[in-house]
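As structure tokens, the structure follows; a few thoughts come after it.
Readers should treat all values here as calculations from the given coordinates under stated rules, not as data from a laboratory. Given the structure is predicted, the values throughout are model-derived calculations rather than measurements. Cβ coordinates were reconstructed from backbone atoms using ideal geometry, including for glycine residues, and neighbour counts include every protein chain displayed.
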Amino acid sequence: MLAVLIIFCPSTASAQELNCTVQILSSQIQSSDKRAFETLRKAIYEFMNTRKWTNDQFRSEERIECSLLINITKWNKVDLWEGTMQIQVRRPIYNSSFNSRILNINDQDMVFTYLEYAPLEFSESSHINNLTSILAFYAYIILGVDYDSYALKGGSQYFQKAQTIANNAQGAPERGWKSFDNSKKNKFHLVENILNQIYSPFRQCLYQYHRMGLDKMVDDVSGGRLIILESLERLIEIHIQQRSSYVLQVFFDSKADEIVKIFTEATPGEKARVLKLLNKIDPANTTKYAKINKK
């Protein structure tokens, strides 16, 4: 049984906007040859970290902290790979040593071809390789969410680039891109939801929660927490329009644990208010939210 391969690249490596760690899990693959997995990891790492994704200038300490955890479940020993990928993004909280997780997505549709040592080719105008389309799609989603957390709808241009990639892939044979898939939780629907006016409270929440709430809690805990509560209340508009929305799932997959920590120290009135909201719009995490009242 091939052992799990988990290798972190040093943060001092050449990078542009992203500081992206890449891990490959391969415990389900029967093979004694680990080289191909390491080669794949290096290729993905270099694609994410050395490509220039924006026109902005980033200092080393400003790079966006993110990670890709890829679990390979099938491999034909040549060029066909299948698995899943978890994408996480972290954002520093102003004037503190803490980071806030702003994105946590599990993509179940990682099917791609990669021949060892072959260059990873990507074009923004056409779908030429599923692996690079997936990686570029999430690079722009990462950028969009990060920029949105600092300025109201500041990530629009990057979400639009991600949408172009998804649109280009509509004719691709690989799953995970189609607008008409039975699952509404794929890449097409993720970016469509983000850019859809119906779901604009999600993006308003991203900005208000982080820039107006978390970033101010170091100086004003109570005031910052109240702003976070108000930002969460914006999400009820999405719940009314579309229950079980994918963007709401993505948000709470990222934020549920943090929300519990924030509101454990809240006033009784704030606790009652946030619990009523959360139990309505995110019932999947009701057990977690019950911890808010335990202190």
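Of note:
- Positive-end residue, the chain charge dipole about Cα centroid, Cβ charges, pick of Asn196, Leu18, Asn55: Asn196
- Rounded to the nearest 0.05, the FRET efficiency derived from the C-beta distance between Gln241 and Gln160 at R0 = 22 Å is 0.50.
- Restricting the calculation to Cα atoms, the stretch 1-139 shows an Rg/Rh of 0.97 when the hydrodynamic-style radius is the Kirkwood one.
- Using a Förster distance of 25 Å, the FRET efficiency for Ser179-Glu233 (Cβ separation, nearest 0.05): 0.20
- For the stretch 146-165 versus the stretch 222-295, the gap between their alpha-carbon centres in whole angstrom: 24 Å
- Arranged from fewest to most other beta-carbon atoms within 10 Å of their beta carbon, Leu80, Leu229 become Leu80, Leu229.
- The order of the peptides 159-166, 86-93 by mean Cβ neighbours within 10 Å, most packed first, is 159-166, 86-93.
- Cα extents of the stretch 82-230 along the three principal axes, largest first (Å): 52, 36, 24
- About its Cα centre, the dipole of the stretch 1-139 is roughly 320 debye, where the only charges are +1 on Lys and Arg Cβ and -1 on Asp and Glu Cβ.
- If a spin label sat at a point 7 angstrom from the Cα of Ala151 along the line to its beta carbon, the backbone N atoms of the stretch 51-65 nearer than 15 Å would be those of 54-58.
- Inter-site label distance for Asp219 and Ala118 at 7 Å from Cα along Cβ, in nm: 5.4 nm
- Hull volume per residue, based on the alpha-carbon atoms of the stretch 151-295 and their convex hull, is 109 Å³.
- Scoring 284-294, 53-63 by mean Cβ neighbours within 10 Å over their residues and listing the highest first yields 284-294, 53-63.
- Net charge of the neighbourhood of Tyr246, taken over other residues with C-beta under 11 Å away and scored Lys/Arg +1, Asp/Glu -1, is +1.
- As a length-normalised measure over Cα pairs under 8 Å and 6 or more apart, the relative contact order of the stretch 21-112 settles at 26 percent.
- Each label was represented as a point 7 Å from its Cα along the Cα-to-Cβ direction; for Leu226 and Asp79 these points are 6.2 nm apart.
- Volume per residue that the Cα convex hull of the chain spans, once the total is divided by residue count, Å³: 141 Å³
- Where labels lie 7 Å past Cα in the beta-carbon direction, separation of Ala284 and Glu38 in nm: 3.7 nm
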